[in-house]
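Scroll down for the structure; my scribbles are underneath it.
The values are calculated or read from the model by the stated rules, or taken from the named source; none is laboratory data. All values derive from a computational prediction rather than experimental measurement. FYI the Cβ positions are ideal-geometry reconstructions off the backbone, even for glycines, and counts take in every protein chain you see. What goes into the accessible areas is simple: the full protein's heavy atoms, side chains included, and nothing from ligands, DNA or RNA. Shrake-Rupley method; radii C 1.70, N 1.55, O 1.52, S 1.80 Å.
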Amino acid sequence: MSRAPDILDTISTRTAAGEPFALATVVRTVAATAAKAGAKAVILPDGTISEGWIGGGCARAAVLKAARDALADGRPRLVSVQPPDALDQQGVKGGDEQAGVRFATNMCPSQGSMDIFIEPVLPRPQVVICGSSPVAVAVAGLARRAGFAVTVCAPAAEQAAFGEADKRIEGFALPVDEAGARYVVVSTQGRGDEAALLAALAVDVDYVAFVGSRRKAETLKATLAQRGVAAARLAKLKAPAGLDLGAITPDEIAISIVAEIVAVRRGKHSRGPAP
């Protein structure tokens, strides 16, 4: 007879499958509360609790909202659910945030307090490489070492240029919707530039860049505009790709591109085209 899956099984299964969720953990309770310190729950992006328990309705709404917010921006939250008198003593009210703590009002008869830490668990950020140029191969290797999942998009005959990859796509048919952040680098070196850019600009991603000269990029953008690609989409294209490091060799260019992706991911660099 098989046992029912517990919360650790759920966490392991969803993490391995790359499915996003938030893990809520009760870290402190004061006075009477339904849940005790250490209680956990797995919360899905739609706000449902998949597994576990963190108490009744007193904390549920605040925790679910914080979980949705955490999944949206990738940042953990600490929610402190307290009765009105306790909040008044601290000079705060439900919905306020101070020093990284979001306060919520406990209107239940128990009048207890509980603090819940909410951690978003998101798929590894993904670098999608279109093309098999020397720069593309160098970006793939460097991105994997930097902790990114790597998807290689290239014709079947060109796939052998790459070593390890988390996912391979023959051609440039990028999935429309995938969980987690995606950063697309088009480095086709003249072999399918237009097709790769059409595919990259047709999906919503966090960053899309073209490896090539600014003049070539402008020519391609004009062609794509004639083919009906919206101006707002074209404005998202970063060309030339990468930070201006004075890079010359494929490895140096790859460093500049991965550095730019890291900067975008950490909110330290614009996603738009180079000035």
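Might you let me know whether the stretch 111-126 holds any residue that is under 17 Å from residue 258 (Cα atoms) and open to solvent by less than 80 Å² (accessible area, probe 1.4 Å)? Checked against the condition, which is being under 17 Å from residue 258 (Cα atoms) and open to solvent by less than 80 Å² (accessible area, probe 1.4 Å), the stretch 111-126 yields at least one hit. Reported count of residues in the stretch 165-189, each being open to solvent by 50 Å² or more (accessible area, probe 1.4 Å) and within 14 Å of residue 212 (Cβ to Cβ), is 1. Residues in the stretch 69-82 that are outside any strand (DSSP E or B) and surrounded by 19 or more Cβ atoms within 10 Å (Cβ to Cβ): 70, 71. Of the candidates 46, 88, the single residue that is part of a helix (DSSP H, G or I), out of contact with any Leu (no Cβ under 6 Å at 6 or more places or on another chain) and surrounded by fewer than 17 Cβ atoms within 10 Å (Cβ to Cβ) is 88.
Cβ separations smaller than 7 Å between residues 6+ apart or across chains give no pair from the stretch 248-266 residues that are among the hydroxyl-bearing types (Ser, Thr, Tyr) to residues that are surrounded by fewer than 17 Cβ atoms within 10 Å (Cβ to Cβ) and not in a loop (DSSP other than H, G, I, E, B). Counting the residues of the stretch 222-272 that are over 27 Å from the mean Cα position of the chain (by Cα) and farther than 19 Å from residue 135 by Cα gives 7.
Among the residues of the stretch 218-237 satisfying the criterion of being in a helix (DSSP H, G or I) and touching an Asp or Glu at 6+ places or on another chain (Cβ under 9 Å), which is surrounded by the fewest Cβ atoms within 10 Å (Cβ to Cβ)? For the stretch 218-237, the residue satisfying everything is 223.
In the stretch 134-164, what count of residues is obtained for those that are touching a strand residue (DSSP E or B) at 6+ places or on another chain (Cβ under 6 Å), surrounded by 18 or more Cβ atoms within 10 Å (Cβ to Cβ) and among the hydrophobic types (A, V, I, L, M, F, W, C)? Number of matching residues: 9.
Of the residues in the stretch 238-249, not one is part of a loop (DSSP other than H, G, I, E, B), touching a strand residue (DSSP E or B) at 6+ places or on another chain (Cβ under 9 Å), of a type outside the set (A, V, I, L, M, F, W, C) and open to solvent by 70 Å² or more (accessible area, probe 1.4 Å).
Pairs are defined by a Cβ separation below 7 Å, a sequence spacing of at least 6 or placement on different chains, a first member in the stretch 196-214 that is free of Cβ contacts under 8 Å to residues at least 60 places away in the same chain, and a second member that is of a type in the set (Lys, Arg); the pairs so defined are 201/233; 208/236; 208/238; 209/238. Residues in the stretch 60-67: is at least one open to solvent by 80 Å² or more (accessible area, probe 1.4 Å) and within 21 Å of residue 178 (Cβ to Cβ)? No: the stretch 60-67 contains no residue that is open to solvent by 80 Å² or more (accessible area, probe 1.4 Å) and within 21 Å of residue 178 (Cβ to Cβ).
Scanning the stretch 101-139 for residues that are within 23 Å of the chain's Cα centre (by Cα) and among the polar types (S, T, N, Q) turns up just one, 126.
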